[in-house]
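The values are calculated or read from the model by the stated rules, or taken from the named source; none is laboratory data. What you are looking at is a predicted structure, and each value in this text was computed from that prediction instead of being measured. Quick reminder, even Gly has a Cβ in these numbers, built from the backbone with ideal geometry, and neighbours come from all protein chains shown.
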Amino acid sequence: MKRCISLLLLLAILITLTGCSQGPETTPTAKEERYLRILCCPENKELEPILNDFAREHNARFDFSYAGALDIIQTLNSGEASNYDAVWLSNSIWTSRLDNSSILKNGKSIFISPVVFAIDRAEGEKLNLIGRDVTIKEIMQAIKSSGISFVIPNITRTNSGASIYLSILSTLVGNPEVMTIAQISQDSVTEELKEFFSHVGRTSGSEDYLLELVENGEYNCMVNTENQVLALNRKLEAAGKAPMYILYPTDGVSIGDAPLYFVNNNSSREGIFLELQRHLISNAVQEQLLNRGFRANYGGTIDPKYADVFKASYGIQIDRCLSPVKYPSMPVITEALNRYQLLFRKPTAIVFCLDYSGSMSGDGIRQLSSAMDYILDNKKTSEDFLQFSGADSVTVLGFSHEITGWKTGTGDELNMLRSFVRNTSPDGMTDIYLAALKAFEILEQYPDDYIKSVVLMTDGESNCMTFRDFESRSKGLTIYPVYSITFGRADTKQLNQLARKTGGKVFDGVKDLTNAFREVRGYN
């Protein structure tokens, strides 16, 4: 008996010393169940603090990733759904593009946000768009007649870009109850859209990037979600600048319902997901959302107590219901997106600057070649609405410490460029600045009816020319956006410096170079 008691005492001591516990809150399994990996559309980023407050108060942890609505669907269709536990889309309509509809469940709308035109008030007054009801056709005509350049979220990557495009299509074919492929393929519609989209100055793969362009004074007209424009207006007014004026077409406004879905692959996390979802649609949080400029119900009026958020001076009538546009079937949407990519999109002049320095030998050059094989294959990229058209100009430029050569072709001549990529070997040091300067010289040859940009793909640090040298040598040249894709040990400090100077952006290609390119194409 004494021996049994001694063994029990010894066991108790061992449990104490090893820190074992049977409490549910400290076991690894319990922690895993309180963890969510959430894939969101960028327009939801402003609400991340609300979710993090919930996580702190409820012993949970959330990780956030951001991508455009159509990119999220592509991610789910490509077999990467297991990397996420929840998806927060901007519009439930895009779930119709899922290969497997059962991958998402328990979807509920969190807020409502219209997709709108926003214009500098002084410019809007000159165009007679302020203080009266306007239609989409009137807005389009004002833009075309004035020659004003506007910015728009990418139409084949983002909800707001695609939504405004579908609204325009619906108007041009007479707002039918059911839109057909025959209607959107009419010659008159084609010509109208070609003319309208020729006024696009820049496109963006994320709505928040457009806000920076407008805030910096580069453009004074854009398409964006209402809540994003309200967030921008708060910043403009805080800086003593005039806010943007919002236009709500009377013949139909595209309205996103921001659904939050559970990804049906880890049932142990469904409990914390449902807790979070209930929290977000609770009255207390809905009030917080209204105070941030997110509508709480479809098309309805807004309580006057939120008039300081939804200001009349911004063009908002809080006592007016919005008229939602009717979305067509998914086959019609797919055809419309393909027609935009091949016919209406402003042509692109793009220079791919590819790092062929010695450090690229081995895995680096294999990754680069694989990514470029996808990029320069219109059959593959057309599945993601990323294909080049015959009107596009594509240049592939190789560099190390010197320019190793370049080839240019149209979107119909990509095989020649693929051969160039395969037949170039890595050697020498790295000079990203020399490559950017040469790309600028190439792009200067193209007229202004092209969207021009540089895509720089590198794995290392520039160890020849300095940034100061680049600034000096770029004087007198037109500066075009440099979008860098990193892999290997690329120096993000140098690349971010280059992005700030040129109005570009840096994308992480270390994990997936091809997916990083998909993101970059949203900006071209």
Which numbered condition Ser267 misses (of (1) among the hydroxyl-bearing types (Ser, Thr, Tyr); (2) surrounded by fewer than 17 Cβ atoms within 10 Å (Cβ to Cβ); (3) touching a residue at least 40 places away in the same chain (Cβ under 8 Å); (4) closer than 29 Å to Phe54 by Cα): (3)
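At least 1 residues that are among the aromatic types (Phe, Trp, Tyr) in each: list the strands (runs of 3 or more DSSP E) lying fully within segment 84-164 that qualify. Before you say what the answer is, go through the steps one by one.
Working: elements: 86-88, 104-109, 113-120, 150-153.
Correct list: 86-88, 113-120, 150-153.
Every residue in segment 49-77 that is closer than 15 Å to Glu519 by Cα and of a type outside the set (D, E, K, R), please. Please lay out each step first, then the result.
First, pick out the residues of segment 49-77 that are closer than 15 Å to Glu519 by Cα: 65-75.
Correct list: Ser65, Tyr66, Ala67, Gly68, Ala69, Leu70, Ile72, Ile73, Gln74, Thr75.
May I ask you to verify whether Lys407 is in contact with a Phe, Trp or Tyr (Cβ under 6 Å, 6 or more places away or on another chain), surrounded by 15 or more Cβ atoms within 10 Å (Cβ to Cβ) and of a type in the set (Lys, Arg)?
Working: in contact with a Phe, Trp or Tyr (Cβ under 6 Å, 6 or more places away or on another chain): yes; surrounded by 15 or more Cβ atoms within 10 Å (Cβ to Cβ): yes; of a type in the set (Lys, Arg): yes.
It is true that Lys407 is in contact with a Phe, Trp or Tyr (Cβ under 6 Å, 6 or more places away or on another chain), surrounded by 15 or more Cβ atoms within 10 Å (Cβ to Cβ) and of a type in the set (Lys, Arg).
Among Ile130, Ile152, Ile139, which is within 15 Å of Gly252 (Cβ to Cβ) and assigned by TED's automatic domain parsing to the domain that holds Pro328? Please lay out each step first, then the result.
Values: Ile130 fails: within 15 Å of Gly252 (Cβ to Cβ); Ile152 fails: within 15 Å of Gly252 (Cβ to Cβ).
When all the criteria are applied, what remains is Ile139.
Got a sec? Which of Arg339, Arg320 is loosely packed, with under 15 Cβ neighbours inside 10 Å and of a type in the set (Lys, Arg)? Break it down into steps so the answer makes sense when it comes.
On the way: Arg339 fails: loosely packed, with under 15 Cβ neighbours inside 10 Å.
The match here is Arg320.
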Filter result (farther than 18 Å from Glu413 by Cβ and either in the same structural domain as Arg202 (by TED's automatic domain parsing) or crowded, with 18+ Cβ neighbours inside 10 Å (or both)) within segment 346-375: Lys346, Cys353, Asp355, Tyr356, Ser357, Ser359, Met360, Gly364, Ile365, Gln367, Leu368, Ala371
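Yes/no per residue for (1) part of a helix (DSSP H, G or I); (2) hydroxyl-bearing (Ser, Thr, Tyr); (3) surrounded by fewer than 20 Cβ atoms within 10 Å (Cβ to Cβ); (4) without any contact (Cβ under 8 Å) to a residue 60 or more places away in the chain:
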position	(1), (2), (3), (4)
Lys194	yes, no, yes, no
Arg202	no, no, no, no
Leu211	yes, no, no, yes
Met222	no, no, no, no
Leu230	yes, no, no, no
Arg234	yes, no, yes, yes
Glu237	yes, no, yes, yes
Ala242	no, no, yes, no
Ile246	no, no, no, no
Residue list for segment 388-421, filter: over 29 Å from the mean Cα position of the chain (by Cα) and of a type in the set (Ser, Thr, Tyr): Ser400, Thr404, Ser419
